[in-house]
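Below: the structure, in structure tokens.
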Amino acid sequence: MKELEGFLGAALQFSALEVALHKRLADGLEEVAACIEQTARDEIGFYQPAVGPFQDWASLAESTEADKARKGFPLEAPLLRTGEFRDTWEHEVSGFEAVVGSKDNRAPWFEFGTVNMPPRPVLGPAVIHNEHTIRRILGRAAVTGMTEGTAIHKALGYDRRI
């Protein structure tokens, strides 16, 4: 069995850890972003309770409900008419950066409200609802990455601990 001492051994160990850790964390971030996206989609069409710093969703105005009824859209289903807005939610992951959101131009109005419309936040609550899942996924990814990095180093025949 080979044994490397000093800087070369340390460099090999850290390289193996870095490769494995980066791969596992990137995979974990993809999984986290997908969870947040799905939760955001699932919130559309249902009144949401207050969570964290976000207030509960106000009832739709009578005029809005009347307009939806005339057009045959579901009633008591905030942000849901045709399902188009719900279906615009997506995510992208690049390296250690994830973006989750909607490209619908109305999304900021819905999220933060306007002078005439109360906020109906989707993204912030979706993150809060997934807090434990996020911790579990990223924690598992970090531990798995470190374990695999050590296994790679050992598989190369370098078993000296640094």
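All of the numbers you see were taken from the coordinates with simple rules; none came from a lab. Just so you know, these numbers come straight off a predicted model, no measurement behind them. Here the Cβ positions follow ideal geometry from the backbone for every residue, glycine too, while neighbour counts run over all protein chains shown.
Remark: segment 92-109, residue by residue, has Karplus-estimated 3J(HN,Hα) of 9, 10, 9, x, 9, 10, 10, 10, 10, x, 10, 8, 5, 4, 7, 3, x, 5 Hz, where x stands for each Gly or Pro and the curve is 6.51 cos²θ - 1.76 cosθ + 1.60 at θ = phi - 60°. Between Val143 and Glu92, the C-beta separation translates, for a Förster distance of 30 Å, into a calculated FRET efficiency of about 0.70.
Modelled this way, with points 7 Å down the Cα-to-C-beta line, the labels at Glu84 and Arg70 are 1.8 nm from one another. Note: segment 6-155, Cα convex hull, 125 Å³ per residue.
Ignoring aspartates and glutamates fewer than eight residues from Lys71 along the same chain, the ones with Cα atoms less than 18 angstrom from its Cα are Glu62, Glu84. Scanning residues 5 or more positions from Gly113 or on other chains, those with amide H under 5 Å from its amide H are Arg120, with H placed 1.01 Å from N in the peptide plane.
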